[in-house]
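Below you'll find the structure, written out as structure tokens, and then a few comments.
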Amino acid sequence: MNDATPAPAAPAAPVFLRGIWRENPVLIHMLGLCPALAVTNTVANSLAMGIATFFVLCGSSFLVSLLKRFIPHEIRISTYILIIATFVTVADMSLAAFTPGLHKALGAYIALIVVNCMILGRQEAFASKQSVGRSMLDAVGTGFGFIIALVMMGAVREVLGSGTFLGFSVFGDNFEPWVVMVLPPGGFLTLGFWLLGLSWWTERKKQRAAAEGGAS
């Protein structure tokens with residue numbers, strides 16, 4: 001049995017919200033970058049990968065939190081990976097059955113959800129120490145944050161790289177697509193510009209807060 005002392009219960013609202021913004025897995029912690037860079041050339045691919053990862057994260061967090069007292073400490077990591085792999089298999093087979101086009105577009109990156117450090121990290125750092133309810137709040141918040149980050153990247157890359165959004169034309173027939181945006185370098189460029197913009201916004205917010213504090 002796992003004799004580790006449970007961590008104190010975390011407040012509900014911060015548990016849910018921190019994964020969306022303050023501790024966003026992609027934009028803050030730089031986790032899950034493999035799918036974030038590889039499959040975000042369209043919004044549809046970004047949504048499909050985000051939803052599949054969301055499902056795996058929520059399902060595995062639920063089981064890990066529910067069974068944490070019965071998982072021996074020595075084999076906890078391998079147990080978490082086995083649980084995660086089970087939900088990845090369900091997600092993979094579901095996408096293949098209901099959306100074969102998206103399944104083909106995502107390719108091997110669906111299976112690679114198993115080794116997504118974001119998911120294993122949430123099991124080890126949170127789900128294995130908190131109640132089922134708190135663990136689900138953390139998983140839902142982190143999953144939404146992951147989806148938001150992927151869609152932010154996918155929207156920029158599809159609009160600039162193909163001139164479309166979810167397949168609908170944005171700029172008309174005269175637009176010359178930036179082909180580089182749908183290629184691997186476009187993923188790095190898009191992520192870099194988003195990180196630069198968010199860093200600028202955060203720094204500006206800090207400067208305003210400091211100026212207001214000094215004025216008072």
Wholly within segment 39-148, helices (runs of 4 or more DSSP H) carrying at least 2 residues that are at pLDDT 95 or above: 43-67, 76-98
Cross-chain or 6+ apart pairs with Cβ under 7 Å, segment 60-74 first and surrounded by 22 or more Cβ atoms within 10 Å (Cβ to Cβ), then among the charged types (D, E, K, R): S61/R122; S61/D138
Qualifying residue in segment 190-209 (condition: surrounded by fewer than 21 Cβ atoms within 10 Å (Cβ to Cβ), farther than 13 Å from N24 by Cβ and of a type in the set (V, I, T)): no
All positions within segment 21-35 that are in contact with a helix residue (DSSP H, G or I) (Cβ under 8 Å, 6 or more places away or on another chain) and either assigned to a loop (DSSP other than H, G, I, E, B) or not aliphatic (A, V, I, L, M) (or both): W21, E23, N24, P25, V26, L27, H29, L31, G32, C34, P35
Considering residues of segment 21-43 that are buried (at least 18 other Cβ atoms within 10 Å of the Cβ) and among the small types (G, A, S) only, the residue farthest from L160 (Cα to Cα): G32
Set A105, A52: member being in contact with a helix residue (DSSP H, G or I) (Cβ under 8 Å, 6 or more places away or on another chain), surrounded by fewer than 19 Cβ atoms within 10 Å (Cβ to Cβ), within 23 Å of F165 (Cβ to Cβ) and not basic (K, R): A105
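The values are calculated or read from the model by the stated rules, or taken from the named source; none is laboratory data. Note that the structure is a prediction, hence the values are computed from the model and not measured. So basically every Cβ, Gly included, is an ideal-geometry build from the backbone, and we count neighbours across all protein chains shown.
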